[in-house]
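Participant: I'd like to ask you about the structure that follows.
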Amino acid sequence: MSGVWVFKNGVVRLVENGGSDSHRRKVMVHVASGEAITSYSVLERILFSLGWERYYDDPELLQFHKRSTVHLISLPRDFNKFKSIHMYDIVVKNRNEFEVRDM
């Protein structure tokens, strides 16, 4: 089962993927530059400019930490496994810096 978790009126529920529209590929875009995140090197460069640092605790993950917050971004090492859930995690932790768009 796959889908999207939706928070509405104080209730969280899973909305299952139904039609072909729900399987659209997503792309994360850096708002200020309009640059699409096409690799971890692009993402890392932008995150560094926003004050994030690499965190080397887990060799299975690519992780970033921002000293001024408790936030930790954890990503799969393989960019091909970089999914919309990872994109939205970055968007939430970097308000007004990134957007997730349909391709």
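Participant: Tell me which residues, restricted to the range 45-72, are modelled with pLDDT under 95, out of contact with any strand residue (DSSP E or B) (no Cβ under 6 Å at 6 or more places or on another chain) and open to solvent by 70 Å² or more (accessible area, probe 1.4 Å).
Facilitator: Across the range 45-72, the qualifying residues are Y56, D57, P59, E60, R67, S68, V70.
Participant: Still on this model: Can you tell me how many residues in the range 29-52 are touching a Lys or Arg at 6+ places or on another chain (Cβ under 7 Å) and without any contact (Cβ under 8 Å) to a residue 60 or more places away in the chain?
Facilitator: Residues flagged as touching a Lys or Arg at 6+ places or on another chain (Cβ under 7 Å) and without any contact (Cβ under 8 Å) to a residue 60 or more places away in the chain within the range 29-52 amount to 2.
Participant: Here's another thing I want to ask about it. What are the residues in the range 19-44 that are in a helix (DSSP H, G or I), modelled with pLDDT of 95 or more and open to solvent by 40 Å² or more (accessible area, probe 1.4 Å), if any?
Facilitator: S41, E44 - these are the residues of the range 19-44 that are in a helix (DSSP H, G or I), modelled with pLDDT of 95 or more and open to solvent by 40 Å² or more (accessible area, probe 1.4 Å).
Participant: Looking at (1) more than 15 Å from V92 (Cα to Cα); (2) in contact with a Leu (Cβ under 9 Å, 6 or more places away or on another chain); (3) open to solvent by less than 70 Å² (accessible area, probe 1.4 Å), which is the one condition that is false for L75?
Facilitator: Of everything listed in (1) more than 15 Å from V92 (Cα to Cα); (2) in contact with a Leu (Cβ under 9 Å, 6 or more places away or on another chain); (3) open to solvent by less than 70 Å² (accessible area, probe 1.4 Å), L75 misses just condition (1).
The values are calculated or read from the model by the stated rules, or taken from the named source; none is laboratory data. In this text, all values refer to a predicted model and were calculated from it rather than measured experimentally. We place every Cβ from the backbone using ideal geometry, glycine too, and count neighbours over all the protein chains shown. Each accessible area value is taken on the protein alone, full model and side chains, heavy atoms only, with ligands, DNA and RNA left out. Shrake-Rupley method; radii C 1.70, N 1.55, O 1.52, S 1.80 Å.
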